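Some notes on the structure that comes next.
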Amino acid sequence: MRIPIIAGNWKMHNTIDDAVALVKELKGEVAKTDVKVVLCCPFTVLGEVKKALEGSNIALGAQNMHWEDYGAYTGETSADMLKDHGVDYVIIGHSERRQYFNETDETVNKKVKKALEKGLIPILCVGETLEERESEKTYEIVKNQTLKALENIEKSQVEKIVLAYEPIWAIGTGKTASPEDANAVISYIREVLKEKYGEETSEIIPIQYGGSVKAANATEIMNQEDIDGALVGGASLKAEEFLAIVNF
Ligand code: PEP
């Protein structure tokens, strides 16, 4: 049985005061749930959020990292630097990074490898554009992105990752894939994992759905057989809305 993982992706939102106030509102309520909750915060608030999370069952995540250990990479952050702040999870290959910051399948693969080597849990994002969906390339795209991201990653390592299927046209747009459709793509991704790593391993890896998940659609999405939780953007910024998703 895979435990659902609900991860909030705060994107470029929340100063320290905002972040700490939000954590205070979430902490007590999340303590009552059995799902795994992760908050993926901007780098600037990681330290304070970690302190505010003390004694809580909420895990800390980041939204990106570099694949090198250190070096002349102005503006970048390494896995060890994330670990300094008590980070356990890191989003890798989010479509906004692929779209605006030239993230490629190759850099995604390097980042996933480094995260695993350093003991961080990658939340690996894959998903198609609207154009790709309309030309019926969804399955081909998610297969390619998944396999390229996992190139040269061993079975024992891959069992630690979390995958997120995020159709790009559904992110921040208010549009969602129909729950059945999202479930079908996710079960296909599991087939791809099964082909590469075998059934046992493919059954271990949680696969989330992401794309305009909110309180109003969370139950329907999360009740799908193959969907193991959600990666939540906009709706993770308000405690009441996020808690309603966590309590789907
Ligand atoms: C995301 O940031 O991964 C996301 C799915 O955003 P939203 O929920 O706002 O669509």
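For the reader, a short list of remarks on this structure follows.
- Relative contact order [Cα under 8 Å, 6+ residues apart], the chain, whole percent: 21
- Compactness of the chain as Cα Rg over 2.2 N^0.38 Å, two decimals: 0.94
- Only Cα sites of the stretch 136-233 enter the Debye sum here, all with the same form factor; the resulting log10 I(q)/I(0) across q = 0.12, 0.15, 0.24 1/Å is -0.36, -0.57, -1.29, listed in q order.
- Relative frequency of Cα-Cα separations exceeding 21 Å in the stretch 1-69, percent: 24
- Trypsin sites (Lys or Arg not before Pro) within the stretch 121-177: DSSP coil, no more than 16 neighbouring Cβ in 10 Å: Lys137, Lys160, Lys175
- CD proxy at 222 nm, helix term only [per DSSP H run n ≥ 4: -39500 (n - 2.57); per residue of the chain; nearest 500]: -12500 deg cm²/dmol
- Translational diffusion of the stretch 57-112, estimated by Stokes-Einstein from the Kirkwood radius over alpha carbon pairs at 4 °C in a medium of 1.567 mPa s, is 109 µm² per second.
Values quoted throughout were computed directly from the atomic coordinates according to the rules given, and no laboratory measurement underlies them. No experiment lies behind these values; they were computed from the predicted model shown. Here Cβ is always computed from backbone atoms with ideal geometry, including for glycine, and neighbour counts include all displayed protein chains.
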